[in-house]
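Have a look at the structure below, then the notes.
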Amino acid sequence: MHESDCLYRYGPPDTLQIQGIDKPVPRDDEVLISVHATSVTAADCIMRKGEPAWGRLIIGIRKPRKRFAILGCELAGVVEAVGKDVTRFKPGDQVFGFTGFGVSAYAEYKCMPETASLAIRPANTTYEESAAAVDGATTALFFLRDQAHLQRGQRVLIVGASGSIGTYAVQLAKHFGAHVTGVCSTGNLDLVTSLGADRVIDYTKEDFADGNETYDVVFDTVGKSAFSHCKGSLTDTGCYVPTVGLKNVLLKRWTAMTGGKRVVSGMSIDKRDALVFIRNLIESNQLRIVIDRRYPLEQIAGDCPKAC
């Protein structure tokens, strides 16, 4: 038996319960990971609440399906055992990775296919830092490099620059040679500046769309804007890059046909190569990991409101 934080109904953080469950056994193509650290992400909080409504078609209409009862999509830990067909990892390997729809990182042990979004973790980090560098960093990389095709010398605006995606987006955009403007609240201005932003806008005092500045890329990492609101802040061939919203999928197709300013969207699923890219940046001290707070698994229900 081992402990996990389980979710049996949708609701506030205190719906999570510590439960003892059977220790998983890896299949022939799987690795068994002893989880040393995980994280609380916006995705975890949304799933816990059962939002949005259409998402319940996947995770369960009235309550989470059994496979979604244990949340958590980022982890760092040690490979404890491997299936007989596994060649990519061996027992003792220190790894970090993304469980995706497999969730279940809020547990002491997790089985994952060797082909999953999993890689050897950065050697110069703690387990906590490794776990915190998974989804935010790889998602920022996916949208900036693979979707927006950010180029040296371009101007990028990052909405939510102090968040789990935004903190990495600022640094990656600078790494790719862009001029970066970050948007955040008053309390995070210094943080975003320290990450390398060339300019920081306090959204409590200024609407970036009201100014005369235009950008090649407007990257909304938190889903707080809309293409209609940002369109005037884009260059003639600029792109609006949201991380969420079904409407944006339709807008992507429409703007691709009409030309000019466009919406770019997508879904980062296979993160294997991205994890290696991010690991290399971290090990060469080119990417800073930002952690808001740390706490034991048993306190996750009490601390979730602060994180969500």
From the options 238, 245, 266, residue that is of a type outside the set (A, V, I, L, M, F, W, C) and at pLDDT 95 or above: 238
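Name the residues in segment 66-81 that are assigned to a loop (DSSP other than H, G, I, E, B) and surrounded by fewer than 24 Cβ atoms within 10 Å (Cβ to Cβ), would you? Walk me through how you get there before you give the answer.
Looking only at segment 66-81, we keep the residues that are assigned to a loop (DSSP other than H, G, I, E, B), and these are 69, 71-73.
Scanning segment 66-81 gives 69, 73.
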Based on what the data block shows, is residue 51 more than 14 Å from residue 107 (Cα to Cα) and free of Cβ contacts under 8 Å to residues at least 40 places away in the same chain? yes
Residue 190: of a type in the set (Asp, Glu), more than 17 Å from residue 146 (Cα to Cα) and part of a helix (DSSP H, G or I), yes or no? yes
Check residue 216 against each of (1) within 19 Å of residue 239 (Cβ to Cβ); (2) of a type outside the set (Phe, Trp, Tyr); (3) crowded, with 24+ Cβ neighbours inside 10 Å and name the one condition it does not meet. (3)
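For every residue, the table says whether it meets (1) of a type in the set (S, T, N, Q); (2) buried (at least 16 other Cβ atoms within 10 Å of the Cβ); (3) within 22 Å of residue 280 (Cα to Cα).
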position	(1), (2), (3)
92	no, no, yes
109	no, yes, no
129	no, yes, yes
137	no, yes, yes
Segment 21-52, subset at pLDDT 95 or above and within 18 Å of residue 299 (Cα to Cα), residue surrounded by the most Cβ atoms within 10 Å (Cβ to Cβ): 38
List pairs: first in segment 31-48 and over 14 Å from residue 128 (Cβ atoms), second in a helix (DSSP H, G or I) and of a type in the set (A, V, I, L, M, F, W, C), Cβ under 8 Å, 6+ apart or cross-chain? 45/304; 45/307; 47/59; 47/68; 48/304
Quickly run through segment 96-107 and pick out the residues that are surrounded by fewer than 23 Cβ atoms within 10 Å (Cβ to Cβ), over 20 Å from residue 299 (Cβ atoms) and in contact (Cβ under 8 Å) with a residue 40 or more places away in the chain. 100, 101
For segment 118-126, indicate whether the set of residues that are of a type in the set (A, V, I, L, M), over 30 Å from residue 27 (Cα atoms) and surrounded by 23 or more Cβ atoms within 10 Å (Cβ to Cβ) is non-empty. no
Here are 172, 157: which of them is surrounded by 16 or more Cβ atoms within 10 Å (Cβ to Cβ) and either modelled with pLDDT under 95 or assigned to a strand (DSSP E or B) (or both)? 157
Does residue 200 fit the bill of being without any contact (Cβ under 8 Å) to a residue 60 or more places away in the chain, in the same structural domain as residue 150 (by TED's automatic domain parsing) and part of a strand (DSSP E or B)? yes
Report yes if residue 228 is within 18 Å of residue 178 (Cα to Cα), among the polar types (S, T, N, Q) and in the same structural domain as residue 164 (by TED's automatic domain parsing), otherwise no. no
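Would you check which residues across segment 82-106 are of a type outside the set (Gly, Ala, Ser), touching a helix residue (DSSP H, G or I) at 6+ places or on another chain (Cβ under 9 Å) and part of a loop (DSSP other than H, G, I, E, B) and list them?
Result: 103, 106.
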Residues in segment 5-20 that are surrounded by fewer than 17 Cβ atoms within 10 Å (Cβ to Cβ), assigned to a loop (DSSP other than H, G, I, E, B) and either among the aromatic types (Phe, Trp, Tyr) or modelled with pLDDT of 85 or more (or both) total 3
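The values are calculated or read from the model by the stated rules, or taken from the named source; none is laboratory data. Computed from a predicted structure; not experimentally measured. Don't worry about glycine lacking a Cβ; one is built from the backbone with ideal geometry, like all the others, and counts go over all protein chains shown.
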